[in-house]
1. In region 331-347, what residues are surrounded by fewer than 13 Cβ atoms within 10 Å (Cβ to Cβ) and either under 22 Å from Cys386 (Cα atoms) or of a type in the set (A, V, I, L, M, F, W, C) (or both)?
2. Taking the condition under 25 Å from Ala331 (Cα atoms) and in contact (Cβ under 8 Å) with a residue 12 or more places away in the chain, does Tyr92 pass?
3. Look through region 301-330, keep the residues that are surrounded by fewer than 17 Cβ atoms within 10 Å (Cβ to Cβ) and either closer than 26 Å to Phe210 by Cβ or of a type in the set (Asp, Glu) (or both), and return whichever of them is modelled with the lowest pLDDT.
4. If Asp152 passes every condition in (1) farther than 27 Å from Trp280 by Cβ; (2) loosely packed, with under 15 Cβ neighbours inside 10 Å; (3) modelled with pLDDT of 95 or more but one, which one does it miss?
5. Looking at region 144-198, which of its residues are touching a residue at least 24 places away in the same chain (Cβ under 8 Å), within 18 Å of Tyr260 (Cα to Cα) and not in a helix (DSSP H, G or I)?
6. Are there any strands (runs of 3 or more DSSP E) wholly within region 253-364 with 2 or more residues that are polar (S, T, N, Q), and if so which?
7. Taking Met45 as meeting all but one of (1) buried (at least 16 other Cβ atoms within 10 Å of the Cβ); (2) of a type outside the set (D, E, K, R); (3) not in a strand (DSSP E or B), write down the number of the exception.
8. Please specify each residue of region 245-262 satisfying the condition of being at pLDDT 90 or above, out of contact with any helix residue (DSSP H, G or I) (no Cβ under 9 Å at 6 or more places or on another chain) and among the charged types (D, E, K, R).
Amino acid sequence: MNLDLSRLSALSDWMNRAVDGGECAGVQAAVVKDSREVWYAAAGMADVEAGRPMSRDTLFRMFSSTKCVTGLAAAMCVDRGLFTPRAAVCEYLPGFKDQLWWDGKELRPVGARTVYVFDLLNMTSGICYPGNWNPGDRGLDAEVKKLAAEIDAGDYSTGTVEFANRIGRVPLSFYPGHQWSYGMNADVVGALVEVATGKRYGQWLRDEIFGPLGMDDTGFSIPPEKRGRLAGVYAFADDAPHDRTRIDAEVGRHLGLADYDPRTNVEMGGAGLVSTIGDWCKLMAMLQAGGTWNGHRFLSPYGFRLMTTPMLTPEQAKTYNWQDKLGNNYAFFNDIRLAGTPSSNPSNPGTFGWCGMLGTNSFVDPVEKLSLVVTIQNRPPFTRSCLTYGLRNPLYAALG
């Protein structure tokens with residue numbers, strides 16, 4: 001369908017209301033249609049204290065939006081025969097040998113059912129995020145705190161592969177393949193790409209994805225001359241609009257991230273990228289085109305199909321309960337919309353994408369060749385606003 005750009009003023013109106021109502025300090029949104037950015041708007045401030053408004057060159061902490069890139073990188077490696085989804089992870093990362101898993105009462109050996117690459121890509125490995133529920137997430141919590149302490153002490157020597165091997169030595173929170181659970185799988189895949197390609201993960205992304213796409217502001221670190229473009233992170237009280245607290249330092253240490261310091265050697269494939277809205281639109285444009293952009297082929301048609309095909313079994317899919325995506329499926333770190341499933345947003349079957357902890361959000365509708373990129377830097381929980389997802393509704397209302 002054609003997109004009526006005049007109707008997209010409804011998105012701008014909503015963004016301005018969110019800023020004026022004290023739901024966020026600032027927000028940007030951009031629309032990509034038919035592999036071309038066709039609309040952009042910004043509201044509010046990137047840095048309230050510095051008096052710096054949101055602008056196209058504002059840098060954003062992408063957090064889990066990073067997973068979209070890591071899924072693409074994995075699909076490209078599979079396309080090139082560098083590894084297969086059926087490979088055992090321990091073939092590349094010895095920390096995954098002889099693992100244990102938590103059965104709810106005690107730790108048991110995984111035996112022959114080791115963690116495979118497809119377990120990582122589908123979040124069915126047994127690796128969760130740090131927590132305090134079982135030996136698995138408690139072990140991850142200890143490893144992340146250890147990494148953060150090293151960084152705080154000025155020790156940046158731990159690398160992506162070493163940290164992934166540490167993750168592998170932590171007990172699994174459930175038996176591999178038993179269910180879906182959100183966790184540090186993409187961080188391990190980043191290390192897998194590093195081992196398989198012989199390049200640091202960030203350098204491989206620069207050479208194979210960011211460079212060819214012209215994503216010049218995207219990476220795992222920020223050079224000093226660009227530091228002043230980074231947006232502030234703010235928390236807002238649910239019961240007091242405009243009650244704003246700046247929390248950059250706390251967010252920067254989340255998951256052991258090193259505040260995008262160029263000295264860091266751990267490049268988190270699940271949370272570590274910084275980018276701009278314009279750069280992310282280029283990624284969406286390429287994905288809308290099925291894996292090609294400006295004559296450069298990133299993925300074969302079959303590689304693209306693999307990356308965007310639902311991979312969870314019916315039993316695994318019962319545990320995929322992310323927000324309002326009940327009934328959807330998952331693969332290569334993307335939510336994938338299925339036909340006839342409940343949702344608060346319109347979209348077509350096959351629509352895929354993911355979000356970030358601070359409010360970054362993007363998707364690709366392969367039928368309409370349509371994407372919306374939203375960039376916010378709000379600390380969760382997002383209990384007073386559905387801005388990041390709600391903007392999709394007036395976007396689809398502009399089609400016709």
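1. Our first condition is that a residue be surrounded by fewer than 13 Cβ atoms within 10 Å (Cβ to Cβ); within region 331-347, this holds for 339-340, 342, 344.
Ala339, Pro342, Ser344, listed by residue number.
2. On the way: under 25 Å from Ala331 (Cα atoms): yes; in contact (Cβ under 8 Å) with a residue 12 or more places away in the chain: yes.
It is true that Tyr92 is under 25 Å from Ala331 (Cα atoms) and in contact (Cβ under 8 Å) with a residue 12 or more places away in the chain.
3. For region 301-330, the residue satisfying everything is Asp324.
4. (3)
5. Hits for region 144-198 are Tyr156, Ser157, Thr158, Gly159.
6. Details: elements: 329-331, 334-336, 352-355, 361-364.
Counting at least 2 such residues, we get 361-364.
7. Met45 satisfies every listed condition except (3).
8. The one that is at pLDDT 90 or above, out of contact with any helix residue (DSSP H, G or I) (no Cβ under 9 Å at 6 or more places or on another chain) and among the charged types (D, E, K, R): Arg246.
The values are calculated or read from the model by the stated rules, or taken from the named source; none is laboratory data. Since this is a predicted model, take the numbers as computed values, not measurements. Here the Cβ is made from the backbone with ideal geometry for all residues, glycine too, and neighbour counts use every protein chain on show.
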